There are 2 protein chains.
Amino acid sequence: MLGSVMDDVVEPPAEDFQLARVLAALADPHRLATVRFVAEHGESWCGQVMEEAALPMSKSTFSHHLRILREAGVLTKRIQGARGYTRLRKDDLDRRFPGLMDSIVTADPEPAVR
Amino acid sequence: MLGSVMDDVVEPPAEDFQLARVLAALADPHRLATVRFVAEHGESWCGQVMEEAALPMSKSTFSHHLRILREAGVLTKRIQGARGYTRLRKDDLDRRFPGLMDSIVTADPEPAVR
């Protein structure tokens, strides 16, 4: 089990990932931006993700988005000192849904310029 | 433009596809089953999809799911006689989000047996 984090969010083991739930977690522009940021930058301080991925929201809203991503199995969080760090569970996701995260991270999420 | 269908659903051109919206359309077990069925069987009569993909719902609920998939750009519908036929917009999806549909169609959507 993962989940020795200091909050009440349960991060599922890879065997319990559900595709529809992973897709629902990714189906939001801000959550997509979060995932794409940590996919590119590796494990990141949560405050840094909010700032550098330019997510215009309160800390509590960002925490809510992180919770959805963690409960689906997309991200994991680690506490060190007073700070929370998050990273993509790339190996687990690749094992359960081969190719999915690569296609999502490399896709152009917005309509093409015409 | 697509969309010479005999209803009020607007099917967007591929250039207007939005990743978050496509993921949201796929983020439901019944819609996933629908997409996986037509990915495997090609263009199908809508009644056949409901029956053979074992979707336990009313026709109107199925129509609602089809609408969400069509408005996101995942499926297209064609009317012939009194029947509606639907198929996956695989080429358009592959062009905008390479690898995404292949990973979703081939993935094991449910938790692995332990």
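The values are calculated or read from the model by the stated rules, or taken from the named source; none is laboratory data. Note that the coordinates shown come from a computational prediction; the quantities given were computed from them, not determined experimentally. When we count neighbours, we look across all protein chains shown, and the Cβ atoms used for this are built from the backbone with ideal geometry, even at glycine. The area values use the complete protein model at the heavy-atom level, side chains included, leaving out ligands, DNA and RNA. Shrake-Rupley method; radii C 1.70, N 1.55, O 1.52, S 1.80 Å.
Counting only residues that are within 14 Å of another protein chain (Cβ to nearest Cβ) and open to solvent by 50 Å² or more (accessible area, probe 1.4 Å), give me the helices (runs of 4 or more DSSP H) lying completely in the range B:1-91 with at least 3 of them.
B:29-41
Considering only residues that are in a helix (DSSP H, G or I) and in contact (Cβ under 8 Å) with a residue 60 or more places away in the chain, which ones fall in the range A:92-114?
A:ASP92, A:LEU93, A:ARG95, A:ARG96, A:LEU100, A:MET101, A:ILE104, A:VAL105
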